[in-house]
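S.K.: The structure that follows is given in the form of structure tokens.
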Amino acid sequence: MYNKLKIGEKIKRYRTRLGMTQRELCGDRITRNMLSLIENGSALPSLDTVCYLTERLGITPAHLFSEEDDDFIHAKQKQIKEIKRLYSAKKYSECIDMIDALGGKDDELNYIAAHSLLKLGKQKVKNGELTSGQDLLIRALKVSEETVYDTSAVRAEAPLYIAVAMNIHSPLLEFDQERYYRLHKSVFDYDFFKYVTMDPEYEFENPSYKKHLSAKLLLKRYAYSEAIVLLTELEDTKDRDYDAYMLFGVYTDLENAYRQIGDFENAYRYSAKRMSLINGFKS
């Protein structure tokens, strides 16, 4: 037996939420007196009346007969198409805002939220916004545990970028490389991982990563002048295809190379650039 009072309360709640008067909801199909009886639980609407009222309220009949509080379900049904559109358009911040505004989550929304948080956090870390980026990535990991859908990419990538945010000088000290190797087939940014772990044999998609690692090999061989040529080319690239983390490494290596050849003026110059970059990293 359906709960007349609960159905009536739901109709009234949806009506007032839309700012509709009883007369506006009634239209020309039912009387205002009948709607009052329905809303106060004194009458149970017929199926035709339910279909009429729910259509005007913008909900489904199932919303009225559900035994659960379905405000979240209703809100999600109205917003999920836009949430998916924002995600596809890479508007991850707006996507997260819409999900948070729903006041609840399920497996589908947690999956979208986890990946959105990952992408936002990665970008912030690459831009040098280390603290806020790390916070987003930690949140991504937490949300990834709250869905039955596959979030192995989040669990693999987030720790790498968190390690960079925690220790931009030596991120590998903060990172479990073996775990990442086990999960690498599911990640999106293996190129960055190979760069951070300094694998010169890897076929990088990003040529700047390859060039920087080549310069590092020259430094190990004490070919400082040759390394400086490559590093300076990276610094002078007009359309840089790399991020704040790599630029920090380029400045560090240039400072070291110039110091090794006794050019302390340039060594100091790149030391100052490196420190300026660190100071400029936004929270």
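The values are calculated or read from the model by the stated rules, or taken from the named source; none is laboratory data. This is a predicted model, so every value here is computed, not measured. Quick reminder, even Gly has a Cβ in these numbers, built from the backbone with ideal geometry, and neighbours come from all protein chains shown. These area figures cover heavy atoms from the full protein model, side chains too; ligands, DNA and RNA do not enter into them. Shrake-Rupley method; radii C 1.70, N 1.55, O 1.52, S 1.80 Å.
S.K.: Note the full-extension length gain between Asn266 and Glu94 as 0.36 nm times their separation in residues minus their Cα-Cα distance, in nm to one decimal. Kindly include the intermediate steps, with their values, before the conclusion.
M.R.: Working: separation 172, 0.36 × 172 = 61.92 nm, distance 4.41 nm.
Result for the pair: 57.5 nm of gain on full extension.
S.K.: Also, I was wondering about something else. Could you please state how large a percent of the accessible area of the chain is carbon and sulfur, counting protein chains only and using a 1.4 Å probe?
M.R.: Details: 7660 of 15380 Å².
It is 50 percent, rounded to a whole number.
S.K.: Using label points projected 7 Å from each Cα along Cα→Cβ, tell me how many nm separate Ser132 and Arg23, to one decimal.
M.R.: If labels sit at Ser132 and Arg23, their model points lie 5.0 nm apart.
S.K.: Towards the positive end of the charge dipole of the chain, with charges on Cβ (+1 Lys, Arg; -1 Asp, Glu), say which of Cys51, Gly128, His212 has the farthest Cα.
M.R.: Of the candidates, Cys51 comes out farthest on the positive side.
S.K.: Now for a different question. Taking the Cα centre of the stretch 44-188 as origin, sum charge times position over the Cβ atoms of Lys and Arg (+1) and Asp and Glu (-1), and report the length of that vector in debye to the nearest 20. Please report the intermediate quantities before stating the final value.
M.R.: Values: 19 positive and 23 negative charges, 181 e Å.
Computed about the Cα centre, the dipole is about 880 debye.
S.K.: Can you give the extra length, in nm with one decimal, that the chain gains between Ser46 and Asn167 once fully stretched, where that is 0.36 nm per residue apart less the Cα-Cα distance? Before the final figure, lay out each step's value.
M.R.: On the way: separation 121, 0.36 × 121 = 43.56 nm, distance 6.56 nm.
The span from Ser46 to Asn167 would gain 37.0 nm if fully extended.
S.K.: With every protein chain left in place, what is the accessible area per residue of the chain in square angstrom, probe 1.4 Å?
M.R.: Using a 1.4 Å probe on heavy atoms only, each residue of the chain averages 54 Å².
S.K.: Any chance you could give the angle, 0 to 90 degrees and rounded to 10, that helix 92-101 forms with the longest Cα principal axis of the chain?
M.R.: Value to nearest ten degrees: 30.
S.K.: For Cα Rg over 2.2 N^0.38 Å, several values are listed as (1) 1.07; (2) 0.98; (3) 1.52; flag the one computed from this structure.
M.R.: It is the one labelled (3).
S.K.: Which lysines does Lys216 reach when only Cα atoms under 20 Å apart count, and residues fewer than 8 places away in its own chain are ignored?
M.R.: Within reach: Lys194, Lys273.
S.K.: Calculate one ³J(HN,Hα) per residue across the stretch 162-179 by plugging θ = phi - 60° into the Karplus curve 6.51 cos²θ - 1.76 cosθ + 1.60, and present them in order as whole Hz with x for glycine and proline.
M.R.: Going residue by residue, I get 5, 4, 5, 5, 6, 8, 5, 6, 9, x, 5, 5, 9, 10, 8, 5, 4, 5 Hz, with x marking Gly and Pro.
S.K.: Which links in Lys90/Lys220; Lys78/Lys119; Lys142/Lys210; Lys4/Lys105; Lys122/Lys211; Lys6/Lys142 stretch past 31 Å when you go from one Cα to the other?
M.R.: Over 31 Å Cα-Cα: Lys90/Lys220; Lys142/Lys210; Lys6/Lys142.
S.K.: With charges set only on the Cβ (+1 for Lys and Arg, -1 for Asp and Glu), what does the dipole of the chain come to about its Cα centre, in debye to the nearest 20?
M.R.: So the magnitude is around 740 debye.
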